[in-house]
1. Being closer than 15 Å to A:Gly177 by Cα, touching a helix residue (DSSP H, G or I) at 6+ places or on another chain (Cβ under 9 Å) and within 16 Å of ligand 2 (Cβ to nearest atom) narrows it down to one residue among B:Lys250, B:Lys231; which is it?
2. Starting from the range B:222-250, keep only residues that are surrounded by fewer than 20 Cβ atoms within 10 Å (Cβ to Cβ), then list their pairs with residues that are among the acidic types (Asp, Glu) whose Cβ atoms are within a distance under 8 Å, requiring at least 6 positions of separation or different chains.
3. Output the number of the condition that B:Ala270 fails; it satisfies all remaining conditions of (1) out of contact with any Lys or Arg (no Cβ under 7 Å at 6 or more places or on another chain); (2) within 13 Å of chain A (Cβ to nearest Cβ).
4. Take the residues in the range A:85-99 that are within 12 Å of another protein chain (Cβ to nearest Cβ) and open to solvent by 40 Å² or more (accessible area, probe 1.4 Å), then tell me which one is modelled with the highest pLDDT.
5. So, in the range B:101-114, of the ones that are in a helix (DSSP H, G or I) and facing chain A (nearest Cβ under 8 Å), which residue ends up nearest to the chain's Cα centre (by Cα)?
6. I'd like the full set of residues that are more than 16 Å from ligand 2 (Cβ to nearest atom) and at the interface with chain B (Cβ under 7 Å from one of its Cβ atoms), limited to the range A:170-181.
Amino acid sequence: MKILVCISHVPDTTSKINFTEGDSKFDTNGVQFVINPNDEFGLTRAMWFKEKQGASVDVVSVGGAETEPTLRKALAIGADAAIRVNTIPTDGFSTAKQLAKVVENGSYDLVIAGRESIDYNGGMVPGMVAALTKANFVNNCIGLDVEGTNVTVSREIDGGKEIVSTSFPLIIGGQKGIVEESDLRIPNMRGIMMARKKPLTIVDPIDTSAGTVSIKFEKPEAKGAVTLVSPDNIDELVSLLHNEAKVI
Amino acid sequence: MSVLVYTESEQGKFKKVALEVASYAKAVATQLGTTVTAIVINAKDSSELGNYGVDKVLQVSNPLLENFNANAYASVIKQAAEKENAKVVIVSSSINSKYLAPLLAVGLNAGYTSNVVEAPTSTSPFTVKRTAFSSKAFEVSQLNTEIKLIGVSKNSFGVFENSVDVSDEDFLPSVPDFGVTVKSVDKATDKVTIADAEIVVSGGRGLKSPENWGIIEELAEVLGAATACSKPVSDLGWRPHSEHVGQTGKPVASNLYIAIGISGAIQHLAGINASKVKVVINTDPEAPFFKAADYGVVGDAFEVVPKFIEKLKAFKAQQ
Ligand SMILES: Cc1cc2nc3c(=O)[nH]c(=O)nc-3n(C[C@H](O)[C@H](O)[C@H](O)COP(=O)(O)OP(=O)(O)OC[C@H]3O[C@@H](n4cnc5c(N)ncnc54)[C@H](O)[C@@H]3O)c2cc1C
Ligand SMILES: Nc1ncnc2c1ncn2[C@@H]1O[C@H](COP(=O)(O)O)[C@@H](O)[C@H]1O
């Protein structure tokens, strides 16, 4: 089984979000970048397939040289090889087209991506890759098992979950549940040393057109002060929610 | 040239998001000087849509489409868009619509923006505002493709009545291979889901143990609310993962969000900030949640919540 894990290089969840160049660009000053959490769950599940079922695991990121430490981290966690498509992503559609090319060239059986990236929150790249490569697609994946050519996936739905069956080639939009938080791995020294020797191939981007153009960013308006209610006066809370906020 | 909107239904009834996206489609159609066509899959009574500005309904009745399948539904919507020569297609941000939208975007070769919170600020160039960075920011985005696909955020644009005469037409699209087959569904039908809820009651580590969740459930029941929790609570196995909300869990965009024993970490707030009114109940006046909330009670959940339940019951009895 050949697995490709898509890695989006995103600001750490604790990052302050600021913009530069007339609010048109994300300000990376002082920001730590990490593997997108949803992708880390997927990568960890891929490691399980590698160790238990002999799968090979490549990772890919579409991005500039700044994404390489993030790819090296994925190699230190245990991926076999990394690919970086050398272009700065502009929108989900063009990113998906770049990834689709990598998927086709590598004839992967299984592509694991995240349900959504925590920076752009597009929630679109995995589905688009599936449609572009004519692969099956399961989103909101919270469990993934492979037996021969049969793939069983648990998928989160509103108010519950469903079990679906499908086959390769397959693209997954993963999230927590595909593995548990406690299954996540912190790279050890040996992993980090080995990662330095593993291949990180830089490939040239293909020509694509973007579907959307980001014009500028805005920050939400600052919030007014909280109205405190005494614990001895909960009647007032009920009345505020009814008369002032009009939500009950 | 009409604007096409996918109005979701469940067991033949339109979801609330269907009325919200219909209202949104009407606003776009008005800007463009055109009409709204809704694509409806296995919901009989489409007259309700006429109240929200839908001029024409394409009715698909097909037992094969009884259960949601992203591939098949995306293909049906694509065929509807082609039939109507729609240049703007609108879907919601429900779990299912977010599943099918990228497939539809590729099918129509359409630019796609998800999480859109307002009517377009301009239709030429087509410009929309969406949330990004888990609601820590907004992004203004332009769609320059011939066909545009818009995913509308829940509870952001609103539902607007706009009564028009609606005409129905049977539509018989072809149904492609599913690719993915549902084997079993495990779904609590008696509970309000976080996605649909107007009110969400959420508990954190401050509740100390899973046995103490009775007050959260009772409060939710009195309010007709969904229950949710912070990430550590689900990681500890106190509550199911499906209740985990925040940046790495489910997003919440309810009218009212009540946080009990939750500190208000940045990752938690990021995911729930789109809620309109926030209430926090916490023993620690320094908890960061007080900076994000509209109303707050500094107090012990085990005293405050039972009182809150009692007062709410009295209030509901008077209504
Ligand atoms: C990559 C990453 C992603 C994350 N994503 C998420 C996410 O999506 N969602 C999320 O929730 N968290 C997320 N977190 C975790 C987050 O950083 C916090 O650790 C978490 O939100 C804290 O949960 P809590 O508020 O329940 O617990 P705590 O921080 O322990 O807070 C408990 C609160 O309860 C109060 N309390 C104690 N006793 C009482 C009482 N009797 N009555 C009332 N109040 C009481 C305390 O004063 C305290 O404020 C993420 C973290 C990381 C690193
Ligand atoms: N630049 C990128 N490089 C590699 N994978 C990506 C990139 N952007 C997005 N992805 C993948 O697509 C998923 C969803 O991203 P998005 O559509 O931006 O929300 C992410 O979790 C990644 O798995």
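The values are calculated or read from the model by the stated rules, or taken from the named source; none is laboratory data. Note that the coordinates shown come from a computational prediction; the quantities given were computed from them, not determined experimentally. Cβ atoms come from the backbone with ideal geometry, glycine included; neighbour counts cover every protein chain shown. Heads up: the accessible areas ignore ligands, DNA and RNA and are worked out on the full protein's heavy atoms, side chains in. Shrake-Rupley method; radii C 1.70, N 1.55, O 1.52, S 1.80 Å.
1. Step by step, each of B:Lys250, B:Lys231 is checked, and only B:Lys250 is closer than 15 Å to A:Gly177 by Cα, touching a helix residue (DSSP H, G or I) at 6+ places or on another chain (Cβ under 9 Å) and within 16 Å of ligand 2 (Cβ to nearest atom).
2. Note: pairs meeting the criteria are B:Gly224/B:Glu198; B:Asp235/A:Glu180; B:Asp235/A:Glu181.
3. Condition not satisfied by B:Ala270: (1).
4. A:Lys97
5. That would be B:Ala101.
6. Of everything in the range A:170-181, just one residue is more than 16 Å from ligand 2 (Cβ to nearest atom) and at the interface with chain B (Cβ under 7 Å from one of its Cβ atoms), namely A:Glu181.
Yes/no per residue for (1) without any contact (Cβ under 8 Å) to a residue 12 or more places away in the chain; (2) open to solvent by 20 Å² or more (accessible area, probe 1.4 Å); (3) over 23 Å from the mean Cα position of the chain (by Cα):
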site	(1), (2), (3)
B:Ala259	no, no, no
B:Ser263	no, yes, yes
B:Gly271	no, no, no
B:Ala292	no, no, no
B:Gly299	no, no, yes
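Residues are listed down the side, and each one gets a yes or a no for (1) of a type in the set (A, V, I, L, M, F, W, C); (2) over 21 Å from the mean Cα position of the chain (by Cα):
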| residue | (1), (2) |
| --- | --- |
| A:Gly177 | no, no |
| A:Leu184 | yes, no |
| A:Met189 | yes, yes |
| A:Met194 | yes, yes |
| A:Ala222 | yes, yes |
| A:Ala225 | yes, yes |
